[in-house]
Amino acid sequence: MNAKQTASLAVEEARVEQVTYALTDITDDLVATFVRQQSINGTIENALRKILVQKAAVAELENQKNGREDERDEIFNDQQRLRENMKSLRGSAEERKLLERYTEQLNAQETRLAVLHKEMQDIETQRDKAQAAPDRMMQELSFDVKM
């Protein structure tokens, strides 16, 4: 090249970028994005999908527990209503029959509450065991991703 001549030079710029994802927040969509961008290989994809399956199992158990808690709360509210109704009864023959009916309802609800309590304890135990699997899988997972 001679002096005072114009020339074009191709310059490649590169920079190191780091993106951090919390495995606890990983979703199917995010894994699909990684695969589409070819940011992860099949081994990592499989590991992440296994974690997602375990997280879904934990979420299902949590939903079951929440359903039991909702039912328990409904029973509690209904029992309060029944007790208030029982307080207002005076003692006539018809009211005694109603009182017996309310008492039977309360007994049935107490039995159901005992069952719900046991089911919630069992679900919590299952959930804790199920949660250990994705926790362990996430701790064991290690990889570098190319962008």
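The values are calculated or read from the model by the stated rules, or taken from the named source; none is laboratory data. Bear in mind the structure is a predicted one, so any value in this text is a computation, not a measurement. Please note: Cβ atoms are built from the backbone with ideal geometry, for glycine as well, and neighbour counts cover all protein chains shown. For accessibility, only protein heavy atoms count, side chains too; no ligands or nucleic acids. Shrake-Rupley method; radii C 1.70, N 1.55, O 1.52, S 1.80 Å.
For segment 36-77, which positions are aliphatic (A, V, I, L, M) and closer than 20 Å to VAL19 by Cβ? Full working, then the answer.
So the first thing to find is which residues in segment 36-77 are aliphatic (A, V, I, L, M), and the list is 40, 44, 47-48, 51-53, 56-59, 61, 75.
Passing the criteria: ILE40, ILE44, ALA47, LEU48, ILE51, LEU52.
Residues LEU116, LEU61: which one is among the aliphatic types (A, V, I, L, M), more than 30 Å from ILE40 (Cβ to Cβ) and either open to solvent by less than 70 Å² (accessible area, probe 1.4 Å) or in a helix (DSSP H, G or I) (or both)? Please lay out each step first, then the result.
Numbers: LEU61 fails: more than 30 Å from ILE40 (Cβ to Cβ).
Every option except LEU116 fails the conditions.
Looking only at segment 82-92, which residues are open to solvent by 60 Å² or more (accessible area, probe 1.4 Å) and assigned to a helix (DSSP H, G or I)? Reasoning before the result, please.
Initial filter on segment 82-92 (open to solvent by 60 Å² or more (accessible area, probe 1.4 Å)): 83-84, 87-88, 90.
Correct list: ARG83, GLU84, LYS87.
Restricting segment 93-113 to residues that are farther than 14 Å from GLU69 by Cα and of a type in the set (D, E, K, R), which is least open to solvent (accessible area, probe 1.4 Å)?
By that ranking, first place goes to GLU95.
I'd like the residue in segment 1-29 that is part of a loop (DSSP other than H, G, I, E, B) and of a type in the set (Val, Ile, Thr) and, out of all such residues, is least open to solvent (accessible area, probe 1.4 Å).
The extreme case among them is ILE26.
What number of residues in segment 30-58 are at positive phi and surrounded by 12 or more Cβ atoms within 10 Å (Cβ to Cβ)?
Summing the residues that are at positive phi and surrounded by 12 or more Cβ atoms within 10 Å (Cβ to Cβ) in segment 30-58 gives 0.
So if I check each of GLN64, GLN54, GLN37, GLN80, which one is at pLDDT 90 or above and over 15 Å from the mean Cα position of the chain (by Cα)? So that I can check it myself, show each step before the final result.
Values: GLN64 fails: over 15 Å from the mean Cα position of the chain (by Cα); GLN54 fails: over 15 Å from the mean Cα position of the chain (by Cα); GLN37 fails: at pLDDT 90 or above.
Just one listed residue meets the conditions, GLN80.
Considering only segment 64-74, state which residues are in contact (Cβ under 8 Å) with a residue 40 or more places away in the chain and open to solvent by less than 50 Å² (accessible area, probe 1.4 Å).
In the first step, residues of segment 64-74 are kept if they are in contact (Cβ under 8 Å) with a residue 40 or more places away in the chain; the result is 64-65, 68-69, 71-72.
Within segment 64-74, LYS65, GLU69 qualify.
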